Number of protein chains: 2
Amino acid sequence: MELTPVADLPEIRPGDDIAALVAERVGDDVAPGDVLTIASTIVSKAEGRTADLEDYPVSARAQEIADKIAELTAEEKDPRFAQAVLEESTEVLIDCPFLLTETRFGHICVNAGIDRSNVPGHDLLLLPKRPSESAERIRAGLEERGIEDVAVIVTDTCGRPFRHGQRGVAIGWAGMPASRDWRGETDRDGHELEVTVQSVVDELSAAANLVTGEGAGGTPAVVVSDWDFGDLEGSDELFRSVEDDLVRQALREWEFDG
Amino acid sequence: MELTPVADLPEIRPGDDIAALVAERVGDDVAPGDVLTIASTIVSKAEGRTADLEDYPVSARAQEIADKIAELTAEEKDPRFAQAVLEESTEVLIDCPFLLTETRFGHICVNAGIDRSNVPGHDLLLLPKRPSESAERIRAGLEERGIEDVAVIVTDTCGRPFRHGQRGVAIGWAGMPASRDWRGETDRDGHELEVTVQSVVDELSAAANLVTGEGAGGTPAVVVSDWDFGDLEGSDELFRSVEDDLVRQALREWEFDG
């Protein structure tokens, strides 16, 4: 398996065609079956998902959250930022000491993934509205330019419980299933495997994040080649439902008390 | 960045020297600065970390857990298996409907990572006792055979809150830091980055898991080449403490009720 950053992508502006910009740069270096990962930051920029704090008149709930954070922690939270997070979210899992929410497309992350760096000329960069549709559009754009059968993954980086640090995850994908299903497969001795579902889009996103880097020298698109999904069954369920997630159930009953 | 499985490793038995077996097979294909990932299953096998259910006389706590799981779910849990999990753990985060614990070396996973497939001739395969020491020993063994400056990561696969499926994670490492620290780095416009700590050992483990595969055709060792940690600061904190982990705090107060 090989990962190659797409070199020399320009700073992305609203309306830019990411498929075209990538196609010009990868040329013949991408083959059918390859995977293209794209950082959500440039997808958001191309889709004009910038915003400013003054766009968010503060609701009572947003003010309550900002007040609670100010009271229980040393940190000032702009209530307009809390409002932006609420508008991007369907459920608040933690409201203090930070906001952990479920975004409208099912991804659980801090501050609904809203970025305050990486936003020239604006205060905020929101995640793409429907990242799997973004991935599908980029995939279709590549096809129009003769780059066929390339799966596209829109990636984000976020933290997680139990382990320090951030790692790359998928938030949207097209042209491949989200996971590989090993149910029914056996080990060398014929025992059924305990590992059942492997989240390949997340593993590909984590791998890509090793070569993209952050910041000024970052390369937000990566081609994964010489890798094969194989002929196992796939599944497109990536985000857990509440019923299926004991941690979400526990968080619903829990309250931070300083 | 390139990932190459180490081909033709034999079935590993207690006492086998993994460094020697890998060194014989990679020859000159590994260079200073490369990373070698090794699945914990073969490290455990080489270290003789197999066990049988009859090795675990059932304590009152293990019986209580098995009874609770039987009462609140449709599932039978062997109390001897619950005992094995308790003996490998320092804290139980969830005791029902399944056991989520912190292992003695800080990793949080279901059933303390004890595997019931992949164990020829025994009932159970425990995780390595101190995986970072295992990684260090393998690294030293490679050095003795002239393979110098190769970092070693011992990997596991496990599930996680919020997202379906399992992905590769690191449980031990040697010769490199666990994470890259981007604090103080800036984006193209000079804004300070919000992403601060990137868990590179986990991302490398996830990447490797894409090429190892599970089951009979699995290749448990992978060489990562043409990748560079860079000159950022590193950190060796991988496992969160309770104070630093709101989800752990929430789970301490939570009880499954069917």
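Every number in this text was worked out from the coordinates using simple rules, so none of it is lab data. Fair warning: this is a prediction, and the values are worked out from it, not measured in the lab. Positions of Cβ are backbone-derived with ideal geometry, glycine not excepted, and every protein chain shown enters the neighbour counts.
Just a few scattered comments:
- Value at 222 nm in deg cm²/dmol, rounded to 500, when DSSP H runs of n ≥ 4 in chain B each add -39,500 (n - 2.57): -8500 deg cm²/dmol
- Over region A:50-126, relative contact order from alpha-carbon pairs under 8 Å, at least 6 apart, %: 29
- Backbone HN-Hα couplings from phi across region A:94-105 [Karplus 6.51/-1.76/1.60, Hz, Gly and Pro as x]: 9, 10, 7, x, 9, 8, 10, 9, 9, 6, 4, 9
- Rounded if a/c under 1.5, otherwise prolate or oblate - chain B, Cα gyration tensor axes: oblate
- A cut-off of 5 Å between modelled amide H atoms, ignoring neighbours fewer than 5 places along the same chain, links A:Lys77 with A:Ala70.
- Of the residues B:Ala84, B:Val169, B:Phe239, the one whose Cα sits farthest toward the positive end of the charge dipole of chain B, with +1 on the Cβ of Lys and Arg and -1 on the Cβ of Asp and Glu, is B:Ala84.
- Nonlocal amide H pairs with A:Gly172, under 5 Å, H built at 1.01 Å: A:Val154
- 10 Å Cβ neighbours from other chains, averaged over peptide A:119-130: 1
- Between helix B:60-72 and chain B: long-axis angle, C-alpha atoms, 0 to 90°, nearest 10: 80
- Spatial offset of region A:1-40 relative to region B:91-119 amounts to 40 Å, using the alpha carbon center of each.
- Residue of B:Pro161, B:Pro131, B:Pro177 that the Gaussian network model of chain B assigns the largest fluctuation, springs spanning Cα pairs under 10 Å: B:Pro161
- Cα-based shape type of region B:50-126, given that a ≥ b ≥ c are square roots of the gyration tensor eigenvalues and the cut on a/c is 1.5: oblate
- Under 22 Å from the Cα of A:Lys45 - lysines, other chains or at least 8 residues apart: A:Lys129
- Take each residue in A:243-251, count the other chain C-beta atoms within 10 Å of its C-beta, and the mean is 6.
- Within the protein assembly as shown: Cβ-based charge dipole about Cα centre, in debye rounded to nearest 20 (Lys, Arg +1; Asp, Glu -1): 400
- What you get for chain A, charging only the Cβ of Lys and Arg (+1) and of Asp and Glu (-1), is a dipole of about 560 debye around the Cα centre.
- Eligible lysines near A:Lys68 by straight Cα distance, threshold 26 Å, same-chain separation 8 or greater: A:Lys77
- For B:Val197, nonlocal amide neighbours, meaning residues 5 or more places apart or on other chains whose placed amide H falls under 5 Å from its own, are A:Gln166, B:Trp182.
- For region A:82-148, the residue among A:Phe105, A:Leu126, A:Ile138 whose Cα projects farthest onto the positive side of the dipole built from Cβ charges is A:Ile138.
- Taking every C-alpha pair closer than 8 Å and separated by at least 6 residues, the mean separation divided by the residue count of chain B gives a relative contact order of 25 percent.
- Converting phi to 3J(HN,Hα) with the Karplus coefficients 6.51, -1.76 and 1.60 and the offset θ = phi - 60°, region B:6-19 yields 7, 7, 6, 5, x, 4, 8, 10, x, x, 4, 9, 4, 4 Hz in sequence order, with x at every glycine or proline.
- Distances from B:Pro57 to itself in the other copies, using label points 7 Å out along the Cα-Cβ axis, amount to 7.2 nm in increasing order.
- Sequence-ordered 3J(HN,Hα) estimates for region A:40-47 from the Karplus curve with 6.51, -1.76 and 1.60 and θ = phi - 60° stand at 4, 4, 6, 5, 4, 4, 5, 8 Hz, glycine and proline given as x.
- Rounded if a/c under 1.5, otherwise prolate or oblate - the protein assembly as shown, Cα gyration tensor axes: oblate
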